[in-house]
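Working notes, beginning with the structure itself.
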Amino acid sequence: MTIYYSLTFMLLAAEMATFCVIVLPLPHNVRKKIFTFLSESPIIAKIAYGLKISFIFVAILFADALQRMFRVTAEAELAKQNGAPHVGNAQAENSFAARKFYSQRNTYLTGFTLFLSLVLTRTFSLILDLIHTQEEYAKLKEGSGAKGDSSKQVKDLKAKVTELEKKERDFETLKKQAAQQAAEFDRLATKYNEATGGNSSKRND
């Protein structure tokens, strides 16, 4: 794996770790402190700016990997139609299988990195909105005895909290999709190992 795909894999691992942390069922006060720090810290803001730039490069890698995957697939279809000259040649077949595996692996790696970045951004925004709404609801609930017209506001905030909590639960579906994509990556690796007889290829990406 070349250096830029290795860095992409490290970025993906960091995203997965961050996602696991922010969806942990932490106490409200602990979660509030964590998200307040993440949203207001100037250091985190600089890191987020650098990550946005890195995601631009990941998007370029994704486009390149997608193009290579389509090219390899087209070559395979053309070889089937014209009669592949490498049929019966184990080394050539292994080389072609390696090219196909690398193109698919790089496409899944970069694509899943971009997908998880969007999931993280949306999850962080929803949880931050949920924390602010819960605080407003708590303040209105404390002063509801002195204000007779606050009942409607409390009801609206209850509905908003319920809606945000429902959206937060929807990310369980996104986690299942992430697990499915990881399983697909493992399936491709297993298929490649079977095609090459279990021997590791030293060919560069």
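At a glance:
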{"quantity": "Of the criteria (1) open to solvent by 70 Å² or more (accessible area, probe 1.4 Å); (2) out of contact with any Ser or Thr (no Cβ under 7 Å at 6 or more places or on another chain); (3) part of a helix (DSSP H, G or I), which one Ala76 fails", "calculated": "(1)"}
{"quantity": "Residue check, Thr133 at pLDDT 75 or above, hydroxyl-bearing (Ser, Thr, Tyr) and over 26 Å from the mean Cα position of the chain (by Cα)", "calculated": "yes"}
{"quantity": "Qualifying position, being modelled with pLDDT of 70 or more, surrounded by 13 or more Cβ atoms within 10 Å (Cβ to Cβ) and not acidic (Asp, Glu), among Ser117, Ser125", "calculated": "Ser117"}
{"quantity": "Residue match in the range 48-66 (condition: modelled with pLDDT under 85 and either surrounded by 13 or more Cβ atoms within 10 Å (Cβ to Cβ) or within 35 Å of the chain's Cα centre (by Cα) (or both))", "calculated": "no"}
{"quantity": "Sole exception among (1) open to solvent by 70 Å² or more (accessible area, probe 1.4 Å); (2) modelled with pLDDT of 85 or more; (3) among the β-branched types (Val, Ile, Thr) for Val87, by number", "calculated": "(2)"}
{"quantity": "Selection within the range 150-172 - modelled with pLDDT under 70, over 30 Å from Val21 (Cα atoms) and either open to solvent by 80 Å² or more (accessible area, probe 1.4 Å) or among the aromatic types (Phe, Trp, Tyr) (or both)", "calculated": "Lys152, Gln153"}
{"quantity": "From Leu12, Leu78, Leu38, residue being at pLDDT 85 or above and over 30 Å from Gln134 (Cβ atoms)", "calculated": "Leu12"}
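The values are calculated or read from the model by the stated rules, or taken from the named source; none is laboratory data. Source: prediction; values computed, not measured. Cβ coordinates were reconstructed from backbone atoms using ideal geometry, including for glycine residues, and neighbour counts include every protein chain displayed. Quick note on the areas: whole protein, heavy atoms, side chains included, nothing else; ligands and nucleic acids left out. Shrake-Rupley method; radii C 1.70, N 1.55, O 1.52, S 1.80 Å.
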